[in-house]
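Heads up, the thing below is written out as structure tokens.
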Amino acid sequence: MSRYYERLKPYMEKAMALQTALTLFQWDNETAAPKEAGEYTSQVIGTLSDEYYKTYINDEVKYLLDKLAGKKEQEALSEQEKAIVKEIQRMDQQLRPVPAEEYKAFSTLTAKSSSIWAKAKADNDYKKFAPVLEEMIEYQKRFARYRKHGRQKLYDILLNDFEPGFNMEQLDIFFGKIKTELVPFIQEVEKKMDKVEKSYEYDRYPIEKQKEFCNWISSYLGFNFNRGILSESAHPFTTNLHNHDVRYTNHYTEEGIEDSIFSAIHETGHALYEFGVKDEYTLTPVGTGTSMGMHESQSRFFENVIGKSEEFWTPIYSRLVDLFPEQLKNTSVKDFIKGVNKSKPSLIRTQSDELTYPLHILVRYEIEKEIIEHGANVKSLPKMWNQKYKEYLGVEPETDTEGILQDVHWSTGDFGYFPSYALGSAVAAQIYYYMKSVMPLEEYLKEGNLLPIREFLKEKVHQYGKSKTTNEILKEMTGEEFTADYYIKYLKEKYQKIYNL
């Protein structure tokens, strides 16, 4: 045990306590807080964020990190301690260059900007949001400049916050394949779009029964209600205080059943990742998922790869029919599976199908590059958005609410986040093909036996938290680093079968 590590631990413990408090405020803000609380809560969040910053960014912590970087001290650390020190060093490099007063001001702005975005979206008024968006962009570009080394690109710095080890060069190759391989394939699918019906989706489904089924399917997938809770919010999301307190929300409407069911499966996938982090990492900086892309791979693996397969629904579809006998009386499990996988270009990312989804991310990736690297004018963004939707998806928003205002991410300054969604889908496909090669995956699903699947993912992915990178996990598991090839293969095979191409 290193004496310098022992001196670092109290700072880490305080920072984790502050982070837990911040997470609780953010959870409450989304799920239970009264409308008029937002402005005052943002002040509290700003103060806590300032204290969090000061806990890590001070001369004593810098001295300890410098000492712990030495060979002798590294040899005295366990593998777990090395991972923790490495993550604190990464955070130090991320935060230290940013002046404390600017970090606090940004945190305060972030806490209130989402409500400004929500009002602008509800009113279909981009002009209300544009000033705060411009402020967010300036903060993120300025922070990136503070952190820049040499000829490093600003957008690469922001991307690295969400996907350590990935940059524009790699993502340009990835999205280049999406464009060249999927855009023409989607055009072929479009010709047969009407071959797949989903009449069941136009019926009404009582919300209480939806909640009953969503709670059940979360439990079926492995959600532990002794370590997690389920609530409601306008937009489903998952958060965690640590691996023994994981929370997710869902959103329900009587008009259709797909959104609530597959949101429940998606968010449960996120939750299983957090549950699976080993206890040695609880309440440490590595006690959570390694990257947003890997996190999305787990949610999308459950939601799309297995959750929209006939094998998954074979043992459980009757339970859904029992809850909604009138609505589903003419829908077989095969028809249901075709319906939930129906592809049709749409305007809203969160309502898009699995095949067209990466094109929604492509639009956002290209716009973010224009904003961060080329200084795109905030006033020009709605027009740019609409043009790209027309080019890639063949649809064009009529309002900003269904266009550039549809996502919350930019209101919280999360530039560089969107690519993680597409990367996550691609990682999920890569893991899927490997799992099929080492276990009877489809048979387990048909039997309703999800335990071997959960245990495999816990062993190969979840337990490591942030102690290994996405590429390290993939390489150790499959023998390959990240590649888009399995994703393209997966989507083509799946939709060729559905549409008899």
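Only one of these is over 24 Å from PHE418 (Cα atoms), hydroxyl-bearing (Ser, Thr, Tyr) and buried (at least 19 other Cβ atoms within 10 Å of the Cβ): TYR248, TYR205. Name it.
So the residue among TYR248, TYR205 that is over 24 Å from PHE418 (Cα atoms), hydroxyl-bearing (Ser, Thr, Tyr) and buried (at least 19 other Cβ atoms within 10 Å of the Cβ) is TYR205.
I'd like to check which helices (runs of 4 or more DSSP H) are fully inside the stretch 63-175 and have at least 1 residues that are under 28 Å from GLU373 (Cβ atoms) and either at pLDDT 95 or above or among the hydrophobic types (A, V, I, L, M, F, W, C) (or both).
79-95, 100-123, 126-147, 154-162
Would you pick out the residues in the stretch 1-48 that are surrounded by 15 or more Cβ atoms within 10 Å (Cβ to Cβ), farther than 23 Å from TYR281 by Cβ and of a type in the set (S, T, N, Q)?
ASN29, THR31, THR41, SER42
With respect to the numbered conditions (1) under 23 Å from the mean Cα position of the chain (by Cα); (2) surrounded by 19 or more Cβ atoms within 10 Å (Cβ to Cβ), which one is the sole condition not fulfilled by ILE348?
(2)
I'd like to check something: does the stretch 423-438 contain any residue that is within 30 Å of ALA130 (Cα to Cα) and at pLDDT 95 or above?
Checked against the condition, which is being within 30 Å of ALA130 (Cα to Cα) and at pLDDT 95 or above, the stretch 423-438 yields at least one hit.
Every residue in the stretch 349-393 that is of a type outside the set (A, V, I, L, M), touching a His at 6+ places or on another chain (Cβ under 9 Å) and not in a loop (DSSP other than H, G, I, E, B), please.
Within the stretch 349-393, ARG349, THR350, ARG364, TYR389, TYR392 meet the criteria.
Kindly list the number of the only condition in (1) in contact with a Leu (Cβ under 8 Å, 6 or more places away or on another chain); (2) under 30 Å from GLU481 (Cα atoms); (3) at pLDDT 95 or above that fails for VAL183.
With respect to (1) in contact with a Leu (Cβ under 8 Å, 6 or more places away or on another chain); (2) under 30 Å from GLU481 (Cα atoms); (3) at pLDDT 95 or above, VAL183 is out only on (3).
Going by the structure shown, is LEU405 assigned by TED's automatic domain parsing to the domain that holds GLY289 and in contact with a helix residue (DSSP H, G or I) (Cβ under 8 Å, 6 or more places away or on another chain)?
Against the criterion (assigned by TED's automatic domain parsing to the domain that holds GLY289 and in contact with a helix residue (DSSP H, G or I) (Cβ under 8 Å, 6 or more places away or on another chain)), LEU405 qualifies.
Against the conditions (1) in contact with an Asp or Glu (Cβ under 7 Å, 6 or more places away or on another chain); (2) modelled with pLDDT of 95 or more, where does PHE223 fall short? Just the number, please.
(1)
If you go through the stretch 306-326 one residue at a time, how many are crowded, with 19+ Cβ neighbours inside 10 Å and charged (D, E, K, R)?
Total meeting the criteria: 1.
Can you tell me which of LEU450, LEU445 is crowded, with 19+ Cβ neighbours inside 10 Å, assigned by TED's automatic domain parsing to the domain that holds PHE223 and hydrophobic (A, V, I, L, M, F, W, C)?
The match here is LEU445.
With respect to the numbered conditions (1) in a loop (DSSP other than H, G, I, E, B); (2) touching a residue at least 60 places away in the same chain (Cβ under 8 Å); (3) not hydrophobic (A, V, I, L, M, F, W, C), which one is the sole condition not fulfilled by GLU396?
For GLU396, the failing item is (2).
Would you confirm whether or not the stretch 224-232 contains a residue that is assigned by TED's automatic domain parsing to the domain that holds ILE316, under 29 Å from GLU368 (Cβ atoms) and under 22 Å from the mean Cα position of the chain (by Cα)?
No: the stretch 224-232 contains no residue that is assigned by TED's automatic domain parsing to the domain that holds ILE316, under 29 Å from GLU368 (Cβ atoms) and under 22 Å from the mean Cα position of the chain (by Cα).
Only residues that are surrounded by fewer than 24 Cβ atoms within 10 Å (Cβ to Cβ) and part of a helix (DSSP H, G or I): list them for the stretch 401-420, please.
Hits for the stretch 401-420 are HIS409, SER411, THR412.
Under 6 Å between Cβ atoms, at least 6 apart or on separate chains: pull out the pairs that start in the stretch 14-30 with a residue that is in a helix (DSSP H, G or I) and end on any residue that is among the hydrophobic types (A, V, I, L, M, F, W, C) and surrounded by 15 or more Cβ atoms within 10 Å (Cβ to Cβ).
Pairs found: MET16/LEU283; LEU18/LEU48; THR20/LEU241; ALA21/LEU48; LEU22/LEU48; THR23/LEU241; PHE25/ILE45.
Please go through the stretch 437-450 and give me each residue that is touching a residue at least 40 places away in the same chain (Cβ under 8 Å), closer than 13 Å to TYR220 by Cα and out of contact with any Leu (no Cβ under 7 Å at 6 or more places or on another chain), ordered by number.
LEU445, GLU447, GLY448
Look through GLU396, GLU296 and report the one residue that is charged (D, E, K, R), modelled with pLDDT of 95 or more, in the same structural domain as GLY413 (by TED's automatic domain parsing) and surrounded by 16 or more Cβ atoms within 10 Å (Cβ to Cβ).
Residue meeting the stated conditions: GLU296.
Being more than 20 Å from the chain's Cα centre (by Cα) and in contact (Cβ under 8 Å) with a residue 12 or more places away in the chain is true for just one of ILE178, ILE217. Which residue is that?
ILE217 is the lone residue from the list that is more than 20 Å from the chain's Cα centre (by Cα) and in contact (Cβ under 8 Å) with a residue 12 or more places away in the chain.
Which residue is modelled with the highest pLDDT, if the candidates are limited to the stretch 192-210 and must be of a type outside the set (Ser, Thr, Tyr), farther than 17 Å from GLU493 by Cα and part of a loop (DSSP other than H, G, I, E, B)?
PRO206
Report, ordered by the first and then the second residue, all pairs with beta carbons closer than 6 Å, sequence separation of six or more or different chains, a first member in the stretch 223-246 that is under 15 Å from SER299 (Cα atoms), and a second member that is among the aliphatic types (A, V, I, L, M).
Here the result reads PHE223/ALA271; THR238/ALA271; ASN240/VAL246; VAL246/ALA271, each pair linking the stretch 223-246 to a residue that is among the aliphatic types (A, V, I, L, M).
The values are calculated or read from the model by the stated rules, or taken from the named source; none is laboratory data. Everything numeric here is computed off the predicted structure, so don't read it as measured data. Note that each Cβ is placed from the backbone with ideal geometry, even for glycine, and that neighbours are counted across all protein chains shown.
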